[in-house]
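Each remark here refers to the structure printed beneath this line.
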Amino acid sequence: MANRILDAVRILVRGRDALADDYTDVLWLGDGRRRAPDHSATASIDYMACELAKMRPIAALPVHVYEREGADRVRSNRWLAKDLDRRLRGKWNPFCTGAAGIRWLILTADTLGTAHVRVEYDRRTGRILNLWPVTCDATPGRLADGTAVWEVTGDEFTPQGTYYEHEMLTLTSSVPAMWGAEGRSLAEVAMASVGLSIDLQSFYSRLLTEGNHFPGWLETDEALSQKDKQELRDTLQAAGGIVNSGQARLFPKGVHYHQVPLTMAEMDLTKQQAWVLERICAVCGVPPTEVADLSHSTYSNTEQQSIQFAQKTLVPILHDLEACFQPVLDHAGLYDNYVRFSIEGLLRGTYAERMQGYQTGIYAGFLTRNEVRAMEELPAVEGLSQPLQPVNYYALDAEGYAIVPPKADEAGGSRPSLSPVYEDMEARVARRFAETGDTQGSRDFAAKVLKPWADACLLGGVAYDMAADIERLAQTPMEGEPE
C-alpha cells in the first residue's frame, strides 16, 4: 500500500507516465540522430523558465464559480458549482493541491500539446469527489448517436474506458491540431531552439567538469600503441576539471599541441544563448524580461511589458482554463454558471495609478467607496456603500444625497425640483417674459439662460424638455399680475 501511494505521488508530480520521459519523446520527435534518453524539453532551463513564468502567476490567482443574476454576478450557491469551486481552490485530490494541478495542466498542455483531467463523480449523488490528472493516452471519438467521447487507455487513477466530455476535461496548447480536439506541442514547435539550449547547457557542464575543451589538437610523428593512447587519455582526464585548470600538460611520444584559429572568446556563446532564449520566448509567448533577460528593458518599459504579458499571454490561457471546466457545469444544466479567475491582481498598476482609477470610478458613480476598499482588501465602512454623484448638478438633502429632478409631467414638460440654481434661472426668464411679453427675443433669452441646466440634466441622465419648459414659463404670469 505504501509503495502504491509513493508511486501515485510520483505520477502526479512528474506527469504523464513519468512526464520527463514522455517529454523526451516530444522533444526529439523526428530527429533520431540526436535522440538522447536523458534529454527532454524540461531539461532546458530556457524552456522551463518560460513555462514557470506562465504557471506560477496563474496558479496563484483566486478562482471561483459565479452565477449570473441579471446584470450582476454572484458566487454560485448550486451544490455542484460549490463542489467544483472547492476543488479548484483547495485540493484536486488527496495528493494534489489546486495550484499544483493548474501548474501541471498548463505545463502538460504546452509540452505534450494536450492535457486531460478526469472528474470523479459520486455515482449515487453526482457530487464531485476528485479531479485526477490523466497520465495515459486519450483519443477523441464519437458514439453511434454522435456523442463526443474520449477513449482512454487507463493509468493508476483513471480506469480504461470511454468517458464523456464532462468526465474527461481537456486543455490544449495555443497551437491547434486535429480540428482543435488536440493541440500541438510547443516543445515540438521550438524543437531546434530547445535542443540548442540543452546542448549549450551540456557543453558548459562538460567544460567545467572535464576541462579538456581547449581549442586545439594533438599531433605526433611516432606510432602510438593502444597502451600509449590510453595513457594519453588518462593524462588528459587527470588534468581536467576546475581544480587542475592552468596546470601544464606534458605529453609523451613526441606529441605536440596545435592551436586552432578560433578561440572560446571568439565563439561568443553568450550571444548564441540570448538568441536561443529569444526564440523559445517567442514560441511560448513570454517576454524575455519575464525570464531575467533585461538586455532590452528599461526602467520605463518593464512595467508596461508585464501588463502586456498579462493581457496577451496569461488572459488567453485563463480563458482556455475557464472553458476547460465549463462542461462540468453545462452537463448539470448550470448554463448561467461559469468559472472565473480573478486577473485584476496581475493588471494592477502602481499605487498612484490605482488610486487615480478608483477616484475616476467613484466620481463617475459606477464604483462605491466600499467596493474600492474591497479591491484593496480593506474592511467595509458604514455609510460608504452609496454611489456618489456630481453635486454641482443637484441639490442635496439633509443626509447629503442628491435630489434627482423628476421626469416629465403630464403636460409634456419637465419641472425639475426647485434647487437654488434652477429657481434663479426660472425667475429671470419669467421676469423677462413679464417685461417684454412672449416675443422671439424673450424666447431666445430663455433658451440662453436655461441651456446650462439642460446640459447638466443631460450629463446626469435626467429627463428635461427645455422647449416645453420655455413654453410653460411664457404662459405663466408673474406673481401679482392678473391671469
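The values are calculated or read from the model by the stated rules, or taken from the named source; none is laboratory data. What you are looking at is a predicted structure, and each value in this text was computed from that prediction instead of being measured. Note that we place each Cβ from the backbone using ideal geometry, even for glycine, and neighbour counts take in every protein chain shown.
A few points about this structure:
- Positions within region 109-147 being within 24 Å of the chain's Cα centre (by Cα) and on the phi > 0 side of the Ramachandran plot, in sequence order: GLY113
- Index of the failed condition, VAL117 passing every other in (1) surrounded by fewer than 21 Cβ atoms within 10 Å (Cβ to Cβ); (2) modelled with pLDDT of 95 or more: (1)
- Number of residues in region 461-479 that are buried (at least 17 other Cβ atoms within 10 Å of the Cβ) and modelled with pLDDT under 80 equals 1.
- Matching strands (runs of 3 or more DSSP E) fully within region 24-110 where at least 3 residues are touching a strand residue (DSSP E or B) at 6+ places or on another chain (Cβ under 8 Å), more than 16 Å from ALA190 (Cβ to Cβ) and at pLDDT below 90: 72-75
- Residues of region 323-352 classified as assigned to a loop (DSSP other than H, G, I, E, B) and at pLDDT below 90, total: 5
- Residue within region 261-278 that is in the same structural domain as ALA49 (by TED's automatic domain parsing) and at pLDDT 85 or above present: no
- Against the numbered list (1) part of a strand (DSSP E or B); (2) within 25 Å of GLY98 (Cα to Cα), ASP155 comes up short only at (1).
- Any chance ARG89 is among the basic types (Lys, Arg), in the same structural domain as PRO176 (by TED's automatic domain parsing), free of Cβ contacts under 8 Å to residues at least 24 places away in the same chain and within 27 Å of VAL315 (Cβ to Cβ): no
- Number of positions in region 59-100 that are within 17 Å of the chain's Cα centre (by Cα) and either of a type in the set (Ser, Thr, Tyr) or surrounded by fewer than 21 Cβ atoms within 10 Å (Cβ to Cβ) (or both): 9
For every residue, the table says whether it meets (1) surrounded by 14 or more Cβ atoms within 10 Å (Cβ to Cβ); (2) modelled with pLDDT of 65 or more; (3) of a type in the set (D, E, K, R); (4) closer than 29 Å to PRO252 by Cβ.
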{"position": "SER197", "(1), (2), (3), (4)": "yes, yes, no, no"}
{"position": "SER202", "(1), (2), (3), (4)": "yes, yes, no, no"}
{"position": "ALA223", "(1), (2), (3), (4)": "no, yes, no, yes"}
{"position": "LEU232", "(1), (2), (3), (4)": "yes, yes, no, yes"}
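- The number of residues in region 301-341 being of a type in the set (A, V, I, L, M, F, W, C) and either under 17 Å from TRP79 (Cα atoms) or over 17 Å from the mean Cα position of the chain (by Cα) (or both) comes to 6.
- For region 432-444, the count of residues that are buried (at least 16 other Cβ atoms within 10 Å of the Cβ) and not in a helix (DSSP H, G or I) is zero.
- Considering TRP150, TRP132, the condition of being farther than 30 Å from ASP46 by Cβ, touching a Phe, Trp or Tyr at 6+ places or on another chain (Cβ under 6 Å) and in contact (Cβ under 8 Å) with a residue 40 or more places away in the chain is satisfied by TRP132 alone.
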